[in-house]
């Protein structure tokens with residue numbers, strides 16, 4: 001396994017985690033009086049999913065799992081789409097973005113399923 005194959009998920013996870021803390025603090029302090037309860041819920045959901053997937057990516061990188069490139073890519077792209085659409089809607093973007101949010105969620109699910117398939121014991 002190359003050094004690059006486990007460093008990319010670690011880097012992506014660390015960056016997503018740092019941004020998750022920043023966005024969480026921003027939402028809790030700067031946006032508390034600005035967002036209505038629905039928008040606050042979207043913001044909080046985005047922060048939670050971002051942080052959980054950041055930790056998952058760090059775990060994938062730290063475990064140095066073989067074949068982690070596809071699952072890590074699916075998790076990163078899925079997290080970015082899912083969270084970005086929720087953050088944007090919370091900040092006033094058109095609600096039709098909510099139709100895009102499940103695409104990100106589906107990519108995250110696919111990432112976890114691909115990872116499970118790749119690490120499952122062979123049945124041969």
**Q.** residue 56 vs. criteria assigned to a helix (DSSP H, G or I), modelled with pLDDT of 95 or more and over 17 Å from residue 119 (Cβ atoms)
**A.** no
Q: Find the residue count for the stretch 22-52, including only residues that are without any contact (Cβ under 8 Å) to a residue 12 or more places away in the chain and surrounded by 13 or more Cβ atoms within 10 Å (Cβ to Cβ).
A: 5
Q: List the number of the failed condition for residue 87; all other conditions in (1) closer than 29 Å to residue 5 by Cβ; (2) in contact (Cβ under 8 Å) with a residue 60 or more places away in the chain hold.
A: (1)
Q) Of all residues in the stretch 77-121, how many are part of a loop (DSSP other than H, G, I, E, B) and loosely packed, with under 14 Cβ neighbours inside 10 Å? A) 5
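Each row is one residue, and each column tells you yes or no for (1) part of a helix (DSSP H, G or I); (2) at pLDDT below 95.
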site	(1), (2)
5	yes, yes
8	yes, yes
13	yes, no
16	yes, no
21	yes, no
25	yes, no
32	no, yes
38	yes, no
41	yes, no
Q) Mind checking which residues of the stretch 53-76 are within 21 Å of residue 21 (Cα to Cα) and either touching a residue at least 60 places away in the same chain (Cβ under 8 Å) or buried (at least 16 other Cβ atoms within 10 Å of the Cβ) (or both)? A) 53, 54, 56, 57, 58, 60, 61, 72, 75, 76
(Q) residue 72 - would you say it is part of a helix (DSSP H, G or I), modelled with pLDDT of 95 or more and either under 16 Å from residue 9 (Cα atoms) or more than 15 Å from the chain's Cα centre (by Cα) (or both)? (A) yes
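The values are calculated or read from the model by the stated rules, or taken from the named source; none is laboratory data. Values in this document were obtained by computation on a predicted structure and should not be read as measured data. Cβ coordinates were reconstructed from backbone atoms using ideal geometry, including for glycine residues, and neighbour counts include every protein chain displayed.
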